[in-house]
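Rule-based calculations on the coordinates, nothing more; no lab input. Given the structure is predicted, the values throughout are model-derived calculations rather than measurements. Neighbour counts run over all protein chains shown; Cβ positions are idealised from the backbone, glycine included.
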Amino acid sequence: MNATAVDSGNPAAGGPVPLLSVDGVTLQYKTRDHLVTATYRVSFDVFPADRFVLLGPSGCGKSTLLKGVGGFMKPVEGTMRLKGRVIDAPGPDRMMVFQEFDQLMPWKTVLANVMFPMRVSGAFPRNEIRDRAMAAIEKVGLSKFRDVHPHMLSGGMKQRVAIARAMAMEPDILLMDEPYAALDALTRRQMQEELLQLWDDTRFAVLFVTHSIEEAIIVGSRILVLSPHPGRVKAELNAHQFTHTEQGSAEFMDLHRRIHNMLFAERLEAQAIKEAGHG
Amino acid sequence: MADPREKPLPPLRLEIENKSLESGQIGEVQVPLSAWERVVNLDWVRRLAILVILALAWEIYGRHLQNPLMVPTFSNMVTALWDATVHGPLLERIYTSIRVLLIGYACGVGLAAVFTALAVSTRVGTDLLSTLTAMFNPLPAIALLPLALLWFGLGVPSLVFVIIHSVLWAVALNTHSGFLSVSETMRMAGQNYGLRGVRFVVHVLMPAAFPAILAGLKIGWAFAWRTLIAAELVFGVSSRSGGLGWFIFENRNQLETAYVFAGLTAVIIIGLLVESVIFRNIEVRTVRKWGMQH
């Protein structure tokens with residue numbers, strides 16, 4: 001994955017070439033009565049093998065931004081490029097893992113679900129599809145459940161299938177929209193560890209949306225902190241040094257507090273003004 | 001923290017940790033149900049029991065009344081049904097009816113597919129479908145029979161016309177509302193694979209809306225069957241070989257009431273068979289297996 005990204009990049013530039021570059025993107029969507037600006041002039045670059053996290057409170061447009069990268073929304077301003085090509089439609093080069101469990105097709109078995117996007121995209125030779133699907137299912141530890149239908153699986157297992165399905169496609173970038181938000185805390189932690197293990201094996205690039213600071217620090221190698229109404233970039237931080245083992249360490253807590261203060265800065269300021277007024 | 005005397009605190013207890021866990025006391029975790037419970041849990045057993053009770057009630061009432069012209073007994077009806085099937089024209093009549101029915105049903109479902117395809121792809125199509133269904137769905141198909149007779153004459157085409165009318169709107173309405181209820185996540189997942197247009201409809205919308213489509217097909221089937229029998233009662237006369245409706249009408253004219261009941265029973269049996277064998281099997285193999293219906 002690393003090599004291909006570098007090959008397709010601009011040879012004139014000396015440094016690493018971004019895989020995904022989002023440049024001054026403003027996204028708007030319409031509700032029945034309003035035109036809502038979800039993000040305002042957001043820019044960031046994702047490099048190969050990045051675990052890039054979009055973090056922010058609800059209303060910061062992080063999910064909308066991910067839908068934009070997915071090709072489900074067109075920006076009103078700015079551009080998004082994947083490997084130099086402008087993103088203008090959804091496609092299997094950016095596989096998405098959704099938060100909702102109903103993303104799996106209930107009429108297909110686990111194996112058929114994983115095979116289906118490979119079959120319809122035509123990106124893989126027909127005789128390899130089955131083996132690739134089996135390998136992907138094995139990687140997420142669901143080989144025993146290959147032939148059951150999704151309604152027989154637990155929430156965590158369904159998300160594993162969705163991840164296997166996305167990984168089997170070998171997308172340029174994996175898009176994950178709060179994939180673990182609907183899981184219980186224990187399962188979530190286990191899934192985070194598994195994702196890191198998978199990343200360690202294959203070094204894919206992932207764009208991960210979450211509203212949990214802790215999850216962002218553990219899962220992410222780089223964190224984009226967004227402020228709400230509309231979503232603007234507040235900071236871009238490094239978090240590659242932290243996993244579950246460092247959770248609770250002083251550095252971990254420092255970064256946690258730093259992000260927390262950023263996200264709640266406005267509230268703290270408002271509180272300070274109020275207190276100053278009373279004093 | 002306030003004074004504990006004012007605000008109560010829970011008592012401080014020793015911690016407990018079990019080093020080894022035993023489960024030998026309760027025996028098997030799963031115990032099979034008794035034979036009687038398992039038999040009663042079978043749907044068809046309970047339904048058959050209801051049918052037997054109804055047939056018994058009929059037999060008793062018929063014998064009590066002693067008037068075979070008005071209400072023949074259940075056993076008379078069974079004899080008549082046997083006689084009409086083996087020696088009489090019943091099988092031929094059933095064949096005629098079902099042939100016409102299948103032609104009409106297939107045409108109706110095909111047209112419904114065209115209408116819903118239009119409705120999901122264009123806004124004009126949506127408006128067209130909702131306006132037409134609002135207009136024609138409440139209109140009983142049999143009310144169109146006089147017009148159909150005028151246009152197509154006495155014969156199969158008129159019957160097919162009214163059957164199409166009875167099937168089309170019910171199936172189209174259900175299919176369309178099924179498509180509309182497919183979740184946004186499922187649509188996005190489909191688009192994410194790069195599916196567009198017809199492939200998107202075939203691979204994502206149709207299976208995802210299948211419970212609603214199946215419900216539409218069932219309602220359409222029931223409407224078609226009713227309409228056909230009613231239409232045959234009106235003009236089975238003309239065509240060389242009449243259908244089941246004509247069989248009923250003919251026997252009423254000859255005051256063979258037991259045969260009238262036999263004809264009605266044949267209508268019911270065919271309806272039940274289609275529902276409980278064909279549709280039931282489709283259901284078990286699709287929506288139930290997929291966990292979309294329980």
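A few comments on the model shown:
- Whole-percent pair-distance distribution, where bins are 10 Å wide, for the alpha carbons of the stretch A:138-231: 14, 48, 30, 7, 1
- For chain A: relative contact order, % (alpha-carbon pairs under 8 angstrom, 6 or more apart): 24 percent
- CD proxy at 222 nm, helix term only [per DSSP H run n ≥ 4: -39500 (n - 2.57); per residue of chain A; nearest 500]: -12000 deg cm²/dmol
- Share, in percent, of DSSP beta bridges within the protein assembly as shown that are antiparallel, nearest 5: 55 percent
- C-alpha center-to-center spacing [the stretch B:28-89, the stretch A:21-56] in angstrom: 67 Å
- When the square roots of the Cα gyration tensor eigenvalues are ordered a ≥ b ≥ c, the ratio a/c for chain B is 1.5 or more and a/b does not exceed b/c, which makes its shape oblate.
- Base-10 log of normalised Debye intensity for the stretch A:105-170 (one unit scatterer per alpha-carbon) at q = 0.14 Å⁻¹: -0.33
- Peptide A:106-117 is shielded by partner chain Cβ atoms: per residue, an average of 3 of them sit within 10 Å of its Cβ.
- Relative contact order (%) - the stretch A:131-196, alpha-carbon pairs under 8 angstrom, separation at least six: 34 percent
- Distance between the C-alpha centres of the stretch A:209-255 and the stretch B:187-238: 50 Å, rounded to the whole angstrom.
- A run of chain B free of exposed loop cleavage sites, with trypsin sites (Lys or Arg not before Pro) counted only in DSSP states other than H, G, I, E and B and at most 13 other beta carbons within 10 Å, reaches its longest extent at B:20-195.
- Helix A:250-263 axis, angle to chain A major axis (alpha carbon atoms, nearest 10°): 70 degrees
- Column: log10 I(q)/I(0), Debye, Cα scatterers of the stretch B:173-241, q = 0.12, 0.21, 0.25, 0.27 Å⁻¹: -0.48, -0.84, -1.02, -1.10
- Reachable lysines from B:Lys289, criterion Cα separation under 19 angstrom, eight or more residues apart if same chain: A:Lys108, A:Lys144, A:Lys158, B:Lys218
- Length-normalised contact order of chain B in % [C-alpha pairs under 8 Å, at least 6 apart]: 21 percent
- Chain B: most fluctuating residue of B:Asp83, B:Asp43, B:Asp127 per GNM, C-alpha cutoff 10 Å: B:Asp43
- Kirkwood hydrodynamic radius (C-alpha pairs) into Stokes-Einstein, the stretch B:1-137, 10 °C and 1.306 mPa s, D in µm²/s: 64 µm²/s
- Anisotropy class of the protein assembly as shown from Cα gyration tensor, a/c 1.5 cut: prolate
- Think of it as helices only: each DSSP H run of n ≥ 4 in chain B is worth -39500 (n - 2.57), and spread over all residues that comes to -21000 deg cm²/dmol at 222 nm.
- Ranking of A:His260, B:His165, A:His149 by neighbouring Cβ atoms within 10 Å, starting from the fewest: A:His260, A:His149, B:His165.
- Gyration tensor (alpha-carbon) shape descriptor, the stretch B:154-287, a/c threshold 1.5: prolate
- Counting Cβ atoms of other protein chains within 10 Å of each Cβ in A:89-98 and taking the mean gives 4.
- Fluctuation leader among A:Asp33, A:Asp147, A:Asp254 - chain A, Gaussian network, Cα springs under 10 angstrom: A:Asp33
- Where GluC sites (Glu not before Pro) in DSSP loops with at most 14 other Cβ within 10 Å are excluded, longest remaining stretch of chain B: B:29-294
- Computed from backbone phi with θ = phi - 60° and the Karplus coefficients 6.51, -1.76 and 1.60, the 3J(HN,Hα) list for the stretch A:208-218 is 10, 9, 8, 10, 9, 4, 4, 4, 4, 5, 6 Hz; x is used for glycine and proline.
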